[in-house]
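The values are calculated or read from the model by the stated rules, or taken from the named source; none is laboratory data. Model, not experiment: these values are computed from the prediction. Note that we place each Cβ from the backbone using ideal geometry, even for glycine, and neighbour counts take in every protein chain shown.
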Ligand SMILES: NC(=O)c1ccc[n+]([C@@H]2O[C@H](COP(=O)([O-])OP(=O)(O)OC[C@H]3O[C@@H](n4cnc5c(N)ncnc54)[C@H](OP(=O)(O)O)[C@@H]3O)[C@@H](O)[C@H]2O)c1
């Protein structure tokens, strides 16, 4: 285990969307630096395998099946961190989907899913963690936006709207939580190689995005390092937003 003098070791970190991609990479990265990780997502087997691997490597990890569209399940995940480990230092509201398509295709089920997971899921994470962090008078809420939270293009209107909402919610939250010494961070990645394009339901759109990711995407560790940078600062330093892209990504 590496404890490199940063403010990560010993922290209890709740991660939603931990069963793959950015959440999984971050769980491994933080656990390897001494954090205790509490993992939520819907795919039970992947989640438990990850928790087992982290535990076998000598860190503490706990997995609970969680659908972030259900506020009660998110509360149960956060409460499990308190019950097992006595506190919650960080929540990484990371679960998300990206079912791009032009609006004229009227993919209303995709729109609802995107809004429910990407916006309401983040709000439920905030709702679950905030009372504990207020009581502790410390904590760190990290919400995952995207380059799409800064710009919109054809086919990404709904996704970009949800990621813009995440940034707006996070900035409002930042201003509100000053009395309780709580830090807030928005992380906005460009193309990172994960299973995210699998959430696209239109075959032609999926092909196009697949090619884009093959050409540009960088490894998920890039995101994990950004999270670790934000968490690892001294408690009086609040990293409010990190926007990063693959060096070769133009848009
Ligand atoms: N990869 C990129 O290029 C990129 C760029 C910008 C932003 N992001 C954002 O990064 C976040 C993570 O995505 P990723 O790239 O790591 O994609 P991913 O590999 O598809 O991971 C998404 C995670 O979200 C979980 N999830 C989806 N629906 C959920 C639900 N209803 N309840 C709980 N968990 C749910 C998935 O787990 P289950 O299916 O097991 O529930 C999975 O663990 C997302 O918010 C995404 O928008 C990614």
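Pairing residues of region 29-47 that are free of Cβ contacts under 8 Å to residues at least 60 places away in the same chain and within 17 Å of residue 140 (Cα to Cα) with residues that are in a loop (DSSP other than H, G, I, E, B) and within 16 Å of the ligand (Cβ to nearest atom), at Cβ distances under 8 Å and at least 6 apart in sequence or on separate chains, gives 37/18; 39/18; 39/19. You will find that of 137, 163, the residue that is surrounded by fewer than 18 Cβ atoms within 10 Å (Cβ to Cβ), modelled with pLDDT of 95 or more, within 24 Å of residue 78 (Cα to Cα) and touching a helix residue (DSSP H, G or I) at 6+ places or on another chain (Cβ under 8 Å) is 137 and no other.
With the requirement that a residue be farther than 19 Å from residue 194 by Cα and touching a helix residue (DSSP H, G or I) at 6+ places or on another chain (Cβ under 6 Å), what does region 222-239 give you? Selection gives 239 alone.
Do you know which of the residues in region 99-108 that are free of Cβ contacts under 8 Å to residues at least 24 places away in the same chain and not in a loop (DSSP other than H, G, I, E, B) is surrounded by the fewest Cβ atoms within 10 Å (Cβ to Cβ)? Explain how you work it out, then say what you get.
First, pick out the residues of region 99-108 that are free of Cβ contacts under 8 Å to residues at least 24 places away in the same chain: 104, 106, 108.
In the following step, the residues that additionally are not in a loop (DSSP other than H, G, I, E, B) were identified as 104, 108.
Values: 104: 6, 108: 8.
It comes out as 104.
Filtering region 110-127 to residues that are more than 13 Å from the ligand (Cβ to nearest atom) and either buried (at least 19 other Cβ atoms within 10 Å of the Cβ) or more than 19 Å from the chain's Cα centre (by Cα) (or both) leaves 111, 126.
Screening residue 36 on (1) touching a helix residue (DSSP H, G or I) at 6+ places or on another chain (Cβ under 6 Å); (2) closer than 22 Å to residue 222 by Cβ shows it passes everything except condition (2). Contact map, region 7-27: first residue under 21 Å from residue 128 (Cβ atoms) and free of Cβ contacts under 8 Å to residues at least 60 places away in the same chain, second residue near the ligand (Cβ under 8 Å from one of its atoms) and in a strand (DSSP E or B), Cβ cut-off under 7 Å, separation 6 or more or different chains; pairs are 19/41.
Considering (1) touching a strand residue (DSSP E or B) at 6+ places or on another chain (Cβ under 6 Å); (2) without any contact (Cβ under 8 Å) to a residue 40 or more places away in the chain; (3) part of a helix (DSSP H, G or I), the lone condition that residue 122 does not fulfil carries the number (2).
Tell me which strands (runs of 3 or more DSSP E) are completely within region 1-98 and hold 1 or more residues being within 19 Å of the chain's Cα centre (by Cα), more than 16 Å from the ligand (Cβ to nearest atom) and surrounded by fewer than 17 Cβ atoms within 10 Å (Cβ to Cβ), or say none if there are none.
Working: elements: 12-16, 36-41, 61-65, 90-93.
Strands (runs of 3 or more DSSP E) meeting the threshold: none at all.
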